[in-house]
1. Once you place label points 7 Å from the Cα toward the Cβ at THR112 and ASP239, how far apart are they in nm?
2. Nearest 20 debye, what's the magnitude of the dipole of region 206-274 about its Cα centre given +1 on Lys and Arg Cβ and -1 on Asp and Glu Cβ?
3. How long is region 208-261 along each principal axis, judged by its Cα atoms, biggest number first, in Å?
4. What full-extension length gain, to one decimal in nm, is calculated for ALA223 and ARG86 as 0.36 nm per residue of separation minus the Cα-Cα distance?
5. How high is the FRET efficiency between THR48 and LEU120 when r is their beta carbon distance and R₀ equals 35 Å, given to the nearest 0.05?
6. Using θ = phi - 60° and the Karplus curve 6.51 cos²θ - 1.76 cosθ + 1.60, what whole-Hz ³J(HN,Hα) does each residue of region 244-250 get, with Gly and Pro shown as x?
7. Taking only DSSP H segments of four or more residues, each worth -39500 (n - 2.57), what value at 222 nm results for the chain once the sum is divided by all its residues, to the nearest 500 deg cm²/dmol?
8. Tell me which of VAL54, GLN131, VAL88 sits at the most positive position along the dipole axis of the chain, charges placed on C-beta atoms (Lys, Arg +1; Asp, Glu -1).
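The values are calculated or read from the model by the stated rules, or taken from the named source; none is laboratory data. Just so it is clear, the model here is predicted, and its values are computed rather than measured. Every residue, glycine among them, receives a Cβ derived from its backbone with ideal geometry; neighbour counts consider all protein chains shown. Side chains are part of the model used for accessible areas, which takes the heavy atoms of the whole protein and leaves out ligands, DNA and RNA. Shrake-Rupley method; radii C 1.70, N 1.55, O 1.52, S 1.80 Å.
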Amino acid sequence: VSQSRYPVLSPSNGYLTYTYLRRTNDTSVSVRAEYSSNLLPGGWIPETVSNGPVAMATNLVNGNEGVRVTVRSPQPISAGSKGFLRAVVAQPTNSVLVVGSSIMAYWTNIATDLAPVPVLNKGFAGSTTPQWLSNSSTGYWASRVVSQTNSALIYYCGSNDVGAGTPTATIVANTIAFFQGFWARNPDTPAIYLAIQKALTRKTSGQIPNVNEVNNQMKDWIATQPRARYVDCNPVLVDTNDTAIPGMFLSDNLHLTLAGYAAMTTVILPVLQEMWYYQVK
């Protein structure tokens, strides 16, 4: 076996470097490097993400096997400091299921934005939290959820419930019921809960406190679920006064522009990549 196929970890000019094989002769296998300064869960940062491994060199391997990639730690490793590099391999067979209301349904370029993670967008505009439950007459549960086999889940719903004046306790209960039902059928599938967005429509309607209450309760509950992550995109969509950042929302002050979705991507993709890469099928 050629020595060039094996990963190599070594110091170089004060940095920690890692060289590994990224295969190109099998498109079902995905490989990337990750960096951590502490080895804590959720602390691994992938390539192409700020503070992740920095690409140094890429060289073709004979026989069309792939390329040898060399990365380094994002900062020097000095006396008393720590840094870790690793390669992560995944062989997923299924895409990530995306469900929820119009924020998901209108994300028309989601496949490009969330690449290289494959996604299946089953969002439905105007939907509310009870409509995604197994006992709903809408049929979303049967046609858009359990009919799919997926390696991860992204859920966004509840904004329309807030707009309709639904009690926050009901919105939270419905959302928890959805996740519990989903995991009853997919016990090993990781999931992302996306916080309800603080669009200008919610602010002018005086509904930001309701949005905050739902988000805070869901954040607390998600923290108790080892398979789930709470992801809040509001910091890249609105400022600290809950005022929309220019260019993020359409003229309806509720739905997102392409720039808004691009901003969401910067928050969602690093979390999604980490979760998806570990679902080896």
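1. The answer from the label model is 3.0 nm.
2. On the way: 3 positive and 7 negative charges, 48 e Å.
That gives a dipole near 240 debye.
3. 37, 23, 18
4. Working: separation 137, 0.36 × 137 = 49.32 nm, distance 2.65 nm.
Once the chain is fully extended between ALA223 and ARG86, it gains 46.7 nm.
5. Details: r = 23 Å, r/R0 = 0.65.
Once rounded, the FRET efficiency stands at 0.95.
6. Ordered by residue, 3J(HN,Hα) equals 4, 5, x, x, 8, 10, 6 Hz.
7. Helices in the chain give a 222 nm mean residue ellipticity of -7500 deg cm²/dmol.
8. Value: VAL88.
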